[in-house]
1. I'd like the residue in the stretch 45-56 that is assigned to a helix (DSSP H, G or I) and open to solvent by 60 Å² or more (accessible area, probe 1.4 Å) and, out of all such residues, is modelled with the lowest pLDDT.
2. With the requirement that a residue be among the charged types (D, E, K, R), at pLDDT 95 or above and within 17 Å of Leu32 (Cβ to Cβ), what does the stretch 57-100 give you?
3. Among the residues of the stretch 57-98, what is the count of those that are exposed (fewer than 14 other Cβ atoms within 10 Å of the Cβ), assigned to a helix (DSSP H, G or I) and of a type in the set (Ser, Thr, Tyr)?
4. Considering each residue of the stretch 1-35, count those that are assigned to a helix (DSSP H, G or I), out of contact with any strand residue (DSSP E or B) (no Cβ under 8 Å at 6 or more places or on another chain) and either within 21 Å of Phe92 (Cβ to Cβ) or touching a residue at least 12 places away in the same chain (Cβ under 8 Å) (or both), and give that number.
5. Within the stretch 1-24, which residues are in contact with a Ser or Thr (Cβ under 9 Å, 6 or more places away or on another chain) and either over 17 Å from Arg84 (Cα atoms) or loosely packed, with under 13 Cβ neighbours inside 10 Å (or both)?
Amino acid sequence: GAPGKHTIILVQYSNSFQSRSYMEFPAVNAALDALVKMYEHKLKELNPNITYDISDLYQYLDSLQDLCGLVLDPSSNKYEPKDRKWLKDKIFAHLRGQAK
């Protein structure tokens, strides 16, 4: 869904306000890919040969102090806030779609 909707991901990596960041993407799927890559990058720092499943990815996303998305609704030209659960559900569907 919503392949071309501009998306902003807001993330806070720890309880330090200095760890707050945001990333902009032209589409929801690009934002989902970036979240997965963020996790994979973290894993590679720990162990370059590690594999993971979706529950490991969810655990990482849950470990972030804060995580949400803002997805542009072109009809109203406003951003709709999306919570962590929405992002996790979308990542699951997105990865399942790639595996086919």
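1. Once the filter is applied, the top-ranked residue is Leu46.
2. Those that are among the charged types (D, E, K, R), at pLDDT 95 or above and within 17 Å of Leu32 (Cβ to Cβ): Asp62, Glu80, Lys82, Asp83, Arg84, Lys85, Lys88, Asp89, Lys90.
3. So the count comes out to 1.
4. 3
5. Glu24
The values are calculated or read from the model by the stated rules, or taken from the named source; none is laboratory data. What you see is a predicted model, and the numbers here were worked out from it, not measured in a lab. So basically every Cβ, Gly included, is an ideal-geometry build from the backbone, and we count neighbours across all protein chains shown. Remember, those area values only see protein heavy atoms, side chains included, never the ligands or the DNA or RNA. Shrake-Rupley method; radii C 1.70, N 1.55, O 1.52, S 1.80 Å.
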